[in-house]
1. Name the residues of the stretch 391-407 whose amide N is less than 16 Å from a point 7 angstrom out from the Cα of Asp271 along the C-beta direction?
2. With +1 on the Cβ of every Lys and Arg and -1 on the Cβ of every Asp and Glu, and nothing else charged, how large is the dipole of the chain about its Cα centre, in debye rounded to the nearest 20?
3. Pop a pseudo-label 7 angstrom from the Cα along the beta-carbon direction at both Asn53 and Gln94 and give the gap in nm to one decimal.
4. When only DSSP loop residues count, what trypsin sites (Lys or Arg not before Pro) in the stretch 360-440 have their Cβ near at most 11 other Cβ atoms within 10 Å?
5. Shape call for the stretch 246-300 from the C-alpha gyration tensor, a ≥ b ≥ c root eigenvalues: rounded (a/c under 1.5), prolate (a/b greater than b/c) or oblate?
6. Positive end of the charge dipole of the chain (Lys, Arg +1 and Asp, Glu -1 on Cβ, about the Cα centre): tell me which of Tyr229, Asn356, Thr258 has its Cα farthest that way.
7. Averaged across orientations, what area in nm² does the convex hull of the alpha carbons in the stretch 72-224 project?
8. Against the globular-protein guess of 2.2 N^0.38 Å, express the Cα radius of gyration of the stretch 386-489 as a ratio, rounded to two decimals.
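Here, each number is a calculation from the coordinates, and none is a lab measurement. All values reported here derive from a predicted model rather than from experimental measurement. A quick note on method: Cβ atoms are made from the backbone with ideal geometry, for glycine too, and the neighbour counts reach across all protein chains shown.
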Amino acid sequence: MDGKLTLSLDGAIRLALENNTNIRIGEEQVETAKDALERALGVFDPNVQASFNSTRQLQEQYLELGSGSSILNSLNQFTTVTFSQNFETGTQFQTQFSSSKFTSNSSFYFFSPAFSTGLSFNIVQPLLRGGGWVVNRAPIVVAQRGIAQSRASFEAQVNDTLLRVVNDYWSAIQARENVVVQQESLDEAQKSYERDKHSLELGALPPLDIYRSESQVASRRVAEIQAEYALKQMEDQLRLDIGADIDDNIRALDLSLTEKPEPTGTLMSIDIPTALQKALEYRPELESVRQQLAADDTNIRVAHNGLLPNLSLTGGYTTSGLNNITVNGNLVAGTYGDAIGQMFGFGYPTYQFGLNLNYSFRNRQAEAAMGDALSAKRRDLYSERQTHEQIILSVTNAVHQVEQAKLSMESANVALDLAKKTLQAEQHKYELGAESVFFVLEAQTELTQAEQSLLQSQVSYQMATAQVEHDTGGLLARFQVQISGLSRH
């Protein structure tokens, strides 16, 4: 609008949620946590392996019995297909189909080609270490809690970013209003200088007295220039927060901030117990710590399982087939289908059952893992306490800052009113010739300082209320829908 980027405070926050680089980087942490869950689930993905090998061999014979030829010619082809899968109970299942074809011109074999097939099923079930739902689902549970923890950490990062945007917005407002104050101060000094110059021309003012007014004009001009460049710096910081310089077309627009520093409506009134209750209920940092503690409990159970002996139950079943068929009392070569049919006829089974025990009288690695898990839990408990302490301190300070800012605004308004009256009185005395211009300039300086103090107290109040909103989860609540869209897209 009119070649400017017009922004309210809410508008700046929404732009930051869309464009802020730190938020975009933090969002990727959630995606990384989702990938960790996929990796944990990948352990239970079924797997199929297949292989085929073919070997042709030509060999000179040196035995009288043979193929009737001086060269022994044989072909051996072998095929296997294996399916395996791990289950969340710790069960390892594998089934394998094997098939071979053997052809030879040797007379030692009953028939050629010979087809043989086999189908086997094998199961391994850990009974102590590595067995059960808890230990095998632990990586999945930890990864799921990692997603929840990363989302909570992301929301905490967004919460901090929003507070920074709010503070930078109000800092830019303060810098803008300070430019106005400095311009008004310069105008007043310029008017005093023009009056003194006119008085000097009329001979009513000693020549040396003009330098005081002229000096004030120069010094206030310096203050105005400094205020203008301070405004540029604050606006540049805000532009970085909202990503205004990402687009070349937006980069060319000047900022136009619509908010006023003076508070509107009823001033915030909140007591420390109420603020603490909200903070401890809504702060995402606490949720992040809670998820980490829950993951610690899971890791402790896994580490405890690692201390158990390694006892496993194994079982297997195999059936086989061969293409040997009997025709008129004679053994002749059948087809590949005959070998398959014999295999599925289960006429030649093999059964296997076993127990395997691996016991270490002292498992130092498992003991160390258990110690690490317990240490991590204790460390995270202290982190939880530290987070509580930090939140309590931050909330308490924020409430005190609100109260201080409210009292400061009251005092600053009184001081500003008195400064205006003092300036009017000094100007009147100066016009009557009762005082020198020194007292007028001094009163102008005091008025400028009073205006700056009021501006500072107003902006401090705005920042203090934003800090309370940040600490109690109010900022997150206002933009929760948009933030949830960021972390769950």
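1. Label zone hits: 396, 399-400, 403.
2. Values: 39 positive and 58 negative charges, 591 e Å.
The dipole magnitude comes to about 2840 debye.
3. 1.6 nm
4. On the way: sites: Arg362, Arg364, Lys377, Arg378, Arg379, Arg385, Lys406, Lys420, Lys421, Lys429; in loops: Arg362.
Those that pass, being in a loop and sparsely packed, are Arg362.
5. oblate
6. Of the candidates, Asn356 comes out farthest on the positive side.
7. On the way: hull surface 98.2 nm².
Approximately 24.6 nm², given one-decimal rounding.
8. Numbers: Rg = 22.0 Å, N = 104, 2.2 N^0.38 = 12.8 Å.
Relative to the 2.2 N^0.38 Å estimate, the stretch 386-489 comes out at 1.71.
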